[in-house]
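Below you'll find the structure, written out as structure tokens, and then a few comments.
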Amino acid sequence: MAIWGGMTVENQYSVLAMEPYAAPSHMAFLRGLQAYSQHRWELLTLPPRKWKWRMRTSALHFAAALAERPRPDLLFVTDYLNLAEMKALLPAELRSIPTVLYFHENQLTYPLHELERRDFHFGLTHLYAILTADRVYFNSHYHRTRFMDALTEVLKLVPDVQTDAALATAQSRSGVLPLGVAAELSATDGIEPLSRPAWILWNHRWEYDKRPELFLAGLRELVERGYDFRVRILGQRFREEHPVLQELRELLGPRLHDAGFPKDRARYFAMLKECDIVVSTAIHEYFGHGVLEAIRAGAYPVLPNDLAYPELIPLSLRGAGSPFLYPVELGVGRALADALEVVARGGRREERLRLRAETERFSWPRLIHEYDRILAELVTAHPA
């Protein structure tokens, strides 16, 4: 029996988390679970490199690692692990460990480069993993729906094999559990008119699916229309600098603060709290963790009315005419201009306060109880 948060916890279980692709957002998720859960978490990870090799070979690594340590009560694995292969490699006494499979991404609906072709093999790897797991969760309803729709279409292509039962099992076994955000990220200050230029935040990975060229085009519109603003650039970088970064420097000059990608979370949170507007021009987003963190820190969101973004917004503030969701076909320039005018005068106070308040449902102290309940139920239903 353990004491957790001033409460007695009678059933505290050991959870072994396996992450073959330990990207910063994936690690923030696991560390949140580790920090807030009543259960005991151990993390096994591999660096976020060569995702195709990770999906094909990480089962070898994690099967060997699991066989060398004490038997955990539960496994928590993510979508880059070929769970069916890993369990086949385990000694018989370890194959029955109850397992949760969590989807951050999937390889059936992830947007491709212009000349890239879809390899259905990786999507079928997901299917076998789902059929091997005891519980399966996606990080948003949008993500689950997109995956299941794509899987349905792929399985229609299969010759001579009946796949209806596998599809039905995949659908019935899967649900939705959102990501959590740090409890300390919650704006406490009021909403007042600005006495300085507004700060616009870009905090996304610098990759093609986040479409930074659309962000650049929107900022160019603001400059041409004479708006006064500042821009802060955050987000994960890669070896080769994205060409849009240099164009941003030329367009904005000293109005651009390129903060790189801070590894220190406290410093990152502090910079979020200094920003007034957070913007996305993505064509792919299964959850929007970085945007959610910025909203929690007090930023006014300017987001496509598409992808998983509407799920971050209170139901009463979604749909056509939402102050926070812009029509994709109109581009981001006009939406950014409207946001600059709103934050400059401290406008839409009621909607912004409601938005902030409703992000509390994603805070780890609120969300962790659902995770812990699910894990405890799964362990008790599968005694060693």
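The values are calculated or read from the model by the stated rules, or taken from the named source; none is laboratory data. Given the structure is predicted, the values throughout are model-derived calculations rather than measurements. We place every Cβ from the backbone using ideal geometry, glycine too, and count neighbours over all the protein chains shown.
Structural remarks
- Flag if Arg205 is buried (at least 18 other Cβ atoms within 10 Å of the Cβ), assigned to a strand (DSSP E or B) and without any contact (Cβ under 8 Å) to a residue 60 or more places away in the chain: no
- Subset of region 26-43 (residues that are more than 21 Å from Thr57 (Cα to Cα) and surrounded by 17 or more Cβ atoms within 10 Å (Cβ to Cβ)): Ala28, Phe29, Leu30, Gly32, Leu33, Tyr36, Ser37, Gln38, His39, Trp41
- In this structure, Glu116 does not satisfy being closer than 22 Å to Leu155 by Cα, in contact (Cβ under 8 Å) with a residue 24 or more places away in the chain and charged (D, E, K, R).
- Qualifying residue in region 157-179 (condition: in the same structural domain as Ala28 (by TED's automatic domain parsing), out of contact with any helix residue (DSSP H, G or I) (no Cβ under 9 Å at 6 or more places or on another chain) and under 27 Å from Ala308 (Cβ atoms)): yes
- Unique residue being outside the structural domain of Pro212 (by TED's automatic domain parsing) and acidic (Asp, Glu) when the list is Glu341, Glu377, Glu358: Glu377
- Annotation: Arg373 fulfils all but one of (1) surrounded by 20 or more Cβ atoms within 10 Å (Cβ to Cβ); (2) on the phi < 0 side of the Ramachandran plot; the unmet one is (1).
- Exclusive hit being of a type in the set (Asp, Glu), surrounded by fewer than 16 Cβ atoms within 10 Å (Cβ to Cβ) and touching a residue at least 24 places away in the same chain (Cβ under 8 Å), set Glu311, Glu293, Glu274: Glu274
- For the criterion of being touching an Asp or Glu at 6+ places or on another chain (Cβ under 7 Å) and within 20 Å of Asp276 (Cβ to Cβ), Pro197 passes.
- Exclusive hit being over 22 Å from Ala282 (Cβ atoms) and of a type in the set (Ser, Thr, Tyr), set Tyr326, Tyr371, Tyr309: Tyr371
- Flag for Arg296 being under 28 Å from His141 (Cα atoms), in contact with a Lys or Arg (Cβ under 8 Å, 6 or more places away or on another chain) and among the basic types (Lys, Arg): yes
Conditions tested, residue by residue: (1) within 28 Å of the chain's Cα centre (by Cα); (2) modelled with pLDDT of 90 or more; (3) not assigned by TED's automatic domain parsing to the domain that holds Tyr300.
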site: Leu219; (1), (2), (3): yes, yes, no
site: Val223; (1), (2), (3): no, yes, no
site: Asp228; (1), (2), (3): no, yes, no
site: Val231; (1), (2), (3): yes, yes, no
site: Gly235; (1), (2), (3): yes, no, no
site: Leu248; (1), (2), (3): yes, yes, no
site: Arg255; (1), (2), (3): no, yes, no
site: Phe261; (1), (2), (3): yes, no, no
